[in-house]
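The values are calculated or read from the model by the stated rules, or taken from the named source; none is laboratory data. Treat the numbers as computed from the prediction; the structure is a model and nothing was measured. Positions of Cβ are generated from backbone atoms using ideal geometry, with glycine treated the same way; all protein chains shown enter the neighbour counts.
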């Protein structure tokens with residue numbers, strides 16, 4: 001395995017991490033901003049108010065994006081094992 005191969009594997013790893021984290025983080029960000037906007041407009045300053053909508057939105061997002069995340073992780077794992085076999089297992 002050459003240094004270029006390791007660089008490609010690391011780049012692909014970072015892309016997989018980004019694909020796995022993005023749906024949850026973006027959902028939490030959007031719901032957090034929306035709840036903060038609602039709290040600012042209504043002057044309702046309850047810190048625990050944002051927790052339940054974020055939890056529900058994250059659960060829904062993981063339910064909807066779970067198959068995509070699983071497929072992404074499975075494809076990357078297959079790529080890693082294929083590269084391991086191609087390099088002779090060293």
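Observations on the model:
- Close contacts from the range 31-58, counting a first residue that is farther than 30 Å from residue 69 by Cα and a second that is assigned to a helix (DSSP H, G or I), with Cβ to Cβ under 9 Å and a gap of 6+ residues or different chains, come to 38/49; 39/49; 39/50; 44/38; 45/39; 46/39.
- From the list 12, 82, the one residue that fits, being at pLDDT below 95, within 17 Å of the chain's Cα centre (by Cα) and surrounded by 10 or more Cβ atoms within 10 Å (Cβ to Cβ), is 12.
- Long-range neighbours under 8 Å by Cβ, at least six apart or interchain, first residue in a helix (DSSP H, G or I) within the range 1-19, second surrounded by fewer than 12 Cβ atoms within 10 Å (Cβ to Cβ): 5/87
- Of the numbered criteria (1) modelled with pLDDT under 95; (2) within 13 Å of the chain's Cα centre (by Cα), the one residue 54 fails is (2).
- Tally, over the range 28-73, of residues that are outside any helix (DSSP H, G or I) and surrounded by 11 or more Cβ atoms within 10 Å (Cβ to Cβ): 0
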